[in-house]
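Accompanying notes for the structure given below.
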Amino acid sequence: MRRSLLAVLLLCTLASAQASVQAVVQTDVESSAQAKLIGKAAPEFAREDLNGKRVSLAEYRGKVVLLNFWATWCASCVTEIPAFASWQKKYGGQGLQVLGVSMDDDAPPVRALYRKLKVNYPVVMGDEKVGELYGGVLGLPVTYLIDREGRIVRHYQGEVDLKRLKREMRGLLGEP
Amino acid sequence: MKSTFVSGNLNRWAALLMLALLAAIGSTAFAQAGTAAQIPAADQMQPSELAAMLKSAGADKPLVLQVGSHVLYAQAHIPGSEYAGAAAQEAGRKALGERVAKLDRGTLVVLYCGCCPWGKCPNIDPAYKLMKSLGFTRLKVLHIADNFGTDWVDKGYPVDRGR
């Protein structure tokens with residue numbers, strides 16, 4: 001009995017280790033054009049969000065912005081959204097602003113998922129112009145952390161390590 | 001009595017752990033179902049091979065079809081390739097089917113997407129299956145390991161922009 005218990009534990013550990021390695025590999029993939037934006041002013045863009053309200057990145061100056069490019073058909077993207085929504089709720093008062101840019105071709109599936117996941121931050125529809133401003137968004141998800149002065153300080157290609165992103169986001173907010 | 005109690009608890013823990021393990025294996029299998037992971041290696045093509053094929057004069061030029069996001073295609077795509085619809089969606093598969101309907105089934109066709117890492121792409125496997133079901137015999141799928149930006153654009157292979 002103990003042997004089978006140990007075998008099961010070992011298999012669980014191996015499965016979990018494999019998943020961790022996969023996550024790290026994806027996070028470390030860098031797009032050169034996107035990485036070159038680090039340290040530079042975040043390119044300005046303005047769009048209407050899904051509720052018809054005009055959203056301009058410049059309006060968020062003074063806040064820490066988590067800019068997330070995603071799409072409804074991207075499983076990794078959808079996995080991240082509940083965490084971002086919970087951070088918006090928890091850290092919004094301390095100056096965090098999450099902004100989603102959907103790279104879907106059409107808005108209806110985005111609206112449906114927005115409602116289903118009860119997203120509490122603005123989501124705008126992206127296009128090739130916004131994508132090119134941010135180094136070419138040629139794979140999803142892509143996430144940028146922008147400091148209170150409007151500078152890009154971090155870039156993540158692929159599904160993020162949420163713990164690492166949260167730590168870096170809290171650092172920018174001045175959280176201990 | 002005590003030993004029976006301990007043994008019973010151990011059995012329960014083992015059963016729970018086994019259930020957890022089965023759930024983990026099941027979710028991995030579910031995540032891979034309908035993804036590029038099922039496409040035979042013989043039907044895959046590496047970006048370097050396609051780049052060389054497109055560059056060489058007089059070679060058998062393939063019809064290259066992008067079967068993913070139109071927004072991503074508009075930012076950068078393989079020169080000469082056509083946008084054929086996101087094959088994860090029914091409308092995309094319909095558009096792809098219409099595009100290839102009149103083609104000779106022996107036409108060399110290369111499908112690509114690159115929206116997501118190879119094992120997570122929602123478009124490439126449905127596109128591959130559709131083309132196979134239509135009888136295309138010289139079908140290749142571009143193996144894009146991470147995404148089109150990293151595995152094509154950043155490698156310095158040629159790109160065009162626009163819709």
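Radius of gyration (Cα atoms) of segment B:38-163, expressed as a multiple of 2.2 N^0.38 Å: 0.96. Taking the fewest neighbouring Cβ atoms within 10 Å as the starting point, the ordered list for B:ILE124, B:ILE78 is B:ILE78, B:ILE124.
In this calculation the C-beta distance from A:ALA58 to B:ASP160 is compared with R0 = 35 Å, giving a FRET efficiency of 0.65. Beta bridges assigned by DSSP with both partners in segment B:38-153 are antiparallel in approximately 0 percent of cases. Sites listed here are GluC sites (Glu not before Pro) in segment A:76-176 whose DSSP assignment is loop and whose Cβ has at most 15 other Cβ atoms within 10 Å: A:GLU149.
So if I take the centroid of the Cα atoms in segment B:116-163 and the same for segment B:33-90, what is the distance between those two points in Å? With segment B:116-163 and segment B:33-90 each reduced to a Cα centre, they are spaced 4 Å.
Here segment A:139-176 and segment A:46-95 have alpha carbon centers that stand 12 Å from each other. Taking 0.36 nm per residue of sequence separation and removing the Cα-Cα distance, the A:ARG111/A:LEU173 pair yields an extension gain of 19.4 nm.
Cross-link list A:LYS118/A:LYS163; A:LYS90/B:LYS155; A:LYS40/A:LYS166; A:LYS116/B:LYS132; B:LYS55/B:LYS132; A:LYS40/A:LYS163: which exceed 30 angstrom alpha carbon to alpha carbon? Where the Cα-Cα span goes over 30 Å, the pairs concerned are A:LYS90/B:LYS155; A:LYS116/B:LYS132.
Quick check: pseudo-label points 7 Å beyond the Cα along Cα→Cβ at B:ALA91 and B:LEU108, how many nm apart are they? About 3.4 nm, to one decimal.
Rule-based calculations on the coordinates, nothing more; no lab input. In this text, all values refer to a predicted model and were calculated from it rather than measured experimentally. Note: ideal-geometry Cβ built from the backbone for every residue, glycine included; neighbour counts use all protein chains shown.
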